[in-house]
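Before any comments, here is the structure.
The values are calculated or read from the model by the stated rules, or taken from the named source; none is laboratory data. All of these numbers come straight from a predicted model, not from anything done at the bench. Backbone-built Cβ (ideal geometry, glycine too); neighbour counts: all protein chains shown. Heavy atoms of the whole protein, side chains included, go into the accessibility calculation; ligands, DNA and RNA do not. Shrake-Rupley method; radii C 1.70, N 1.55, O 1.52, S 1.80 Å.
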Amino acid sequence: MASDASRLVNKLSLSPGLAVARPAPRVRVKWNATLRLENREIPVRVWDVSREGLSFITDETIPLGTGVCLLLHMRGLDDMAQRLAAPIHAEVRNSILTRDGFRLGAHIRKIDVEHQHVLGGWVERLAARSS
């Protein structure tokens, strides 16, 4: 018999309480992104990034396995005044309810080469600072 907590986790499409290690290192960031859902755009806060994925906080839950489109806002590696908007196609793999909203983990399925280079550069730069 499923517990009330288990039923709530399933109803909200949250991830079970299991830690899943990412294959690539991740770094904590305070970036913005725009989540495109149906016919609307929702501003979200990016929590952390890696070369292969990212997590972001939103007020809405999104079912696990759902494909999402994000426009990730970041600065240029060599020119901090340069503002970039990287279109990303990702799949929601994790959902955790926090006091700030739903923190969704997504695996990047598609990102263009130029923006992948910038994202990877930021991951390396920020990882070096934190070690």
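Leu84 falls short on exactly one of the conditions (1) assigned to a loop (DSSP other than H, G, I, E, B); (2) surrounded by 14 or more Cβ atoms within 10 Å (Cβ to Cβ), and that condition is (1).
Cβ separations smaller than 8 Å between residues 6+ apart or across chains give the following pairs from the range 119-131 residues that are within 15 Å of Gly53 (Cα to Cα) to residues that are surrounded by 10 or more Cβ atoms within 10 Å (Cβ to Cβ) and among the polar types (S, T, N, Q): Val123/Ser50. If the condition is being among the small types (Gly, Ala, Ser) and modelled with pLDDT under 95, then the range 86-104 contributes Ser95, Gly101.
When Arg22 is tested against (1) modelled with pLDDT under 95; (2) open to solvent by 90 Å² or more (accessible area, probe 1.4 Å), exactly one condition is not met: (2).
Give me a count of the residues in the range 45-85 that are without any contact (Cβ under 8 Å) to a residue 12 or more places away in the chain and touching a Gly at 6+ places or on another chain (Cβ under 6 Å).
To start, the set of residues in the range 45-85 that are without any contact (Cβ under 8 Å) to a residue 12 or more places away in the chain comprises 75, 78-83.
Subset that is touching a Gly at 6+ places or on another chain (Cβ under 6 Å): 82.
Residues flagged as without any contact (Cβ under 8 Å) to a residue 12 or more places away in the chain and touching a Gly at 6+ places or on another chain (Cβ under 6 Å) within the range 45-85 amount to 1.
If you go through the range 45-65 and keep only what is of a type outside the set (Val, Ile, Thr), farther than 16 Å from Lys110 by Cα and not in a loop (DSSP other than H, G, I, E, B), you end up with Arg45, Trp47, Asp48, Phe56. Exactly one residue among Arg109, Arg103 is in contact with a Phe, Trp or Tyr (Cβ under 8 Å, 6 or more places away or on another chain), basic (Lys, Arg), assigned to a strand (DSSP E or B) and open to solvent by 20 Å² or more (accessible area, probe 1.4 Å), and that residue is Arg103.
Could you tell me whether Ile42 is free of Cβ contacts under 8 Å to residues at least 60 places away in the same chain, open to solvent by less than 40 Å² (accessible area, probe 1.4 Å) and part of a loop (DSSP other than H, G, I, E, B)? Give the derivation first.
Working: free of Cβ contacts under 8 Å to residues at least 60 places away in the same chain: yes; open to solvent by less than 40 Å² (accessible area, probe 1.4 Å): yes; part of a loop (DSSP other than H, G, I, E, B): no.
No; evaluated as a whole, the condition is false for this residue.
Looking across the range 93-116, just one residue is under 14 Å from Val49 (Cα atoms) and without any contact (Cβ under 8 Å) to a residue 40 or more places away in the chain, and that is Ile111.
Here's the yes/no breakdown for (1) exposed (fewer than 15 other Cβ atoms within 10 Å of the Cβ); (2) at negative phi; (3) modelled with pLDDT under 70:
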position	(1), (2), (3)
Asp4	yes, yes, yes
Val9	no, yes, yes
Ser55	no, yes, no
Pro63	yes, yes, no
Asp78	yes, yes, no
